[in-house]
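What follows is a single structure, written as structure tokens, with notes after it.
The values are calculated or read from the model by the stated rules, or taken from the named source; none is laboratory data. Predicted model only: the values in this text are computed from it and were never measured. For neighbour counting, all protein chains shown are included, and Cβ atoms are generated from backbone atoms with ideal geometry for every residue, glycine included.
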Amino acid sequence: MKTTTILSRSPKGQEEIEHREHKLAGKMRMLLFLVDGHLSLNELTEKAQRMGLGKDAVSQLLAGGFISIVKIEDIQAANQSPPADKGQDAWERYRRARQFMNETIVDAIGIKSFFFTLKIERTSNLEELRSLLNDYTTSMLKALGQESGDLFVSRMKKLLE
């Protein structure tokens with residue numbers, strides 16, 4: 001497989017994120033959160049290593065059916081699709097950012113995230129979600145350490161742009 005191959009979460013991977021159906025181990029599950037259909041094999045492998053996982057972590061997710069290779073045609077079709085309505089685009093960006101923040105904080109700190117998730121649920125737009133970024137950063141760095149925590153914080157910042 002080429003190191004520039006783009007990977008995305010498979011239906012099985014999405015099922016694991018939403019319902020923990022397959023009981024994927026902690027750091028492997030956290031790595032799965034980073035698979036977004038935009039990262040290459042190289043980028044994802046580098047992130048896995050920063051999280052303290054071995055070079056074969058991405059291969060394990062692929063072999064387990066949690067991630068799949070994105071076809072070039074799928075990328076081209078997505079790039080050629082008509083521009084979305086601005087309001088719908090903002091809502092979708094907010095929805096994805098909120099979901100990522102909620103899922104990763106719960107996965108990282110468990111039941112201790114209860115009050116933070118209530119704050120997330122009270123947000124209604126990207127600006128309100130941005131106001132939680134400092135608390136999110138503090139919690140993720142404390143729970144995962146600097147290297148791993150930075151991966152999730154930088155992804156969260158990207159989602160909030």
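Observations on the model:
- Within segment 10-55, considering residues that are in contact with a strand residue (DSSP E or B) (Cβ under 7 Å, 6 or more places away or on another chain) and polar (S, T, N, Q), the one modelled with the highest pLDDT: 10
- When the criteria are applied in full, residue 64 meets the requirement of being over 23 Å from residue 96 (Cα atoms), in contact (Cβ under 8 Å) with a residue 24 or more places away in the chain and small (Gly, Ala, Ser).
- The set of residues in segment 137-161 being surrounded by fewer than 16 Cβ atoms within 10 Å (Cβ to Cβ) and not acidic (Asp, Glu) consists of 138, 142, 145, 146, 154, 157, 158.
- Of the listed requirements (1) within 25 Å of residue 16 (Cα to Cα); (2) exposed (fewer than 14 other Cβ atoms within 10 Å of the Cβ), residue 90 misses just one: (1).
- Residue 27 vs. criteria within 16 Å of the chain's Cα centre (by Cα), among the basic types (Lys, Arg) and within 21 Å of residue 147 (Cα to Cα): yes
- If you go through segment 1-24 and pick out every residue that is assigned to a helix (DSSP H, G or I) and of a type in the set (D, E, K, R), you end up with 4.
- Subset of segment 127-136 that is buried (at least 17 other Cβ atoms within 10 Å of the Cβ) and part of a helix (DSSP H, G or I) - its residue that is farthest from the chain's Cα centre (by Cα): 129
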